[in-house]
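A short worksheet on the structure shown next.
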């Protein structure tokens, strides 16, 4: 079976040169299918479909197949395409549910002497960080800017068992995935596109906890996928941001982190903003779709298609 790239060419397009303007995001609760168009420096949906899934159809897992009823998911994918008025879906990017695929920023002590040595170091880091044999994973990695003189890589991985099922479902629909990636990578793309010198964070609340990606310039600085009880989310986020403040924030920066894209219910967005303000000891701005370059009806369910929309913007990189 053809190997669909996982994060391949996310920054350099060495193996995924023609990413589509259509993207799909899958979660345990919703499907979102979107095609974007660009107008000036902003984007707006050309086609959009968002559909709620029956409970239990998708159960996110990093190690086990996610879909409990493939015919029902295929039916709902077709219905989402119909809702979006997409008669001929062909090539698209796909964001997998939180918990089904993982990312992390890996720091090396020094530049490897060869590609073979780099591959060995990445393999060791991945097995240690993700708790799976490298041979059981499909892994991609991209070079980031050095931090503190240390080489950095963004690594993304999914187990072969998980991705094989999604590939089979897409094949039955005759949909071709140009890229499959963790959902938080699509969400983070909205901030990556801005390329601001000041650090920014996107935090996405999900059924299992939350994902957080801190962006510096046009690259991820830190990726955390936190599983916790709902009542522990804010405490865990506070601890994460204090770690960032004490260990990763630029020393003497004139513009410390004060911008957040929060994806979740309005009440959750407010709570996470307040937690970030407390951790940073400064006022924090919560970004809305218009501020990140998306022209959309204010009543549109951005929380459910943020990842798909972010992935679709990669067609213009």
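The values are calculated or read from the model by the stated rules, or taken from the named source; none is laboratory data. Keep in mind that what you see is a predicted model, and the values were worked out from it rather than measured. Cβ atoms come from the backbone with ideal geometry, glycine included; neighbour counts cover every protein chain shown.
Condition check: within 29 Å of residue 77 (Cα to Cα) and in a helix (DSSP H, G or I). Does residue 158 satisfy that? No: the conditions fail for residue 158. Only residues that are surrounded by 14 or more Cβ atoms within 10 Å (Cβ to Cβ) and closer than 24 Å to residue 310 by Cβ: list them for the stretch 229-255, please. Once the filter is applied, which keeps residues that are surrounded by 14 or more Cβ atoms within 10 Å (Cβ to Cβ) and closer than 24 Å to residue 310 by Cβ, the stretch 229-255 yields 233, 236, 237, 240, 241, 244, 248.
With respect to the conditions (1) touching a helix residue (DSSP H, G or I) at 6+ places or on another chain (Cβ under 7 Å); (2) surrounded by fewer than 24 Cβ atoms within 10 Å (Cβ to Cβ), residue 195 lacks only one, and its number is (1). Of the residues making up the stretch 263-317, those that are closer than 12 Å to residue 190 by Cβ and part of a strand (DSSP E or B) are 263, 294. What's the total number of residues in the stretch 77-105 that are at negative phi and surrounded by fewer than 18 Cβ atoms within 10 Å (Cβ to Cβ)? Of the residues in the stretch 77-105, 8 are at negative phi and surrounded by fewer than 18 Cβ atoms within 10 Å (Cβ to Cβ).
For residue 307, the stated conditions do not hold, so it cannot be described as under 22 Å from the mean Cα position of the chain (by Cα), surrounded by fewer than 14 Cβ atoms within 10 Å (Cβ to Cβ) and closer than 24 Å to residue 104 by Cβ. Remark: pairs (first residue in the stretch 136-148, on the phi < 0 side of the Ramachandran plot; second residue assigned to a strand (DSSP E or B) and modelled with pLDDT under 90; Cβ separation under 8 Å; 6+ apart in sequence or on different chains) = 138/6; 139/6; 140/6.
From the list 19, 24, 73, exactly one residue is within 18 Å of the chain's Cα centre (by Cα), under 21 Å from residue 178 (Cα atoms) and at pLDDT 95 or above. Which is it?
24
Being in contact with a helix residue (DSSP H, G or I) (Cβ under 8 Å, 6 or more places away or on another chain), loosely packed, with under 14 Cβ neighbours inside 10 Å, part of a loop (DSSP other than H, G, I, E, B) and modelled with pLDDT of 95 or more, is that true of even one residue in the stretch 43-61? Within the stretch 43-61, one or more residues are in contact with a helix residue (DSSP H, G or I) (Cβ under 8 Å, 6 or more places away or on another chain), loosely packed, with under 14 Cβ neighbours inside 10 Å, part of a loop (DSSP other than H, G, I, E, B) and modelled with pLDDT of 95 or more. Only residues that are farther than 30 Å from residue 50 by Cα and either touching a helix residue (DSSP H, G or I) at 6+ places or on another chain (Cβ under 6 Å) or in a loop (DSSP other than H, G, I, E, B) (or both): list them for the stretch 84-125, please. Within the stretch 84-125, 106, 108, 109, 110, 111, 112, 113, 114, 123 qualify. Selection of the stretch 87-101 for residues being more than 21 Å from residue 168 (Cβ to Cβ) and in contact (Cβ under 8 Å) with a residue 12 or more places away in the chain yields only 98. The set of residues from the stretch 106-131 being over 23 Å from residue 148 (Cβ atoms) and surrounded by 18 or more Cβ atoms within 10 Å (Cβ to Cβ) comprises just one member, 130.
Table: residues versus (1) modelled with pLDDT under 95; (2) surrounded by 15 or more Cβ atoms within 10 Å (Cβ to Cβ); (3) in contact with a strand residue (DSSP E or B) (Cβ under 6 Å, 6 or more places away or on another chain).
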position	(1), (2), (3)
133	no, no, no
138	yes, yes, yes
141	yes, yes, yes
151	yes, yes, no
166	no, yes, no
172	no, no, no
180	yes, yes, yes
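Among the residues of the stretch 200-215, is any within 18 Å of residue 249 (Cβ to Cβ) and part of a loop (DSSP other than H, G, I, E, B)?
The answer is no, given that none of the residues of the stretch 200-215 is within 18 Å of residue 249 (Cβ to Cβ) and part of a loop (DSSP other than H, G, I, E, B).
If you check 231, 167, 236, 251 for being outside any loop (DSSP other than H, G, I, E, B) and either free of Cβ contacts under 8 Å to residues at least 12 places away in the same chain or within 15 Å of the chain's Cα centre (by Cα) (or both), only one passes: 231.
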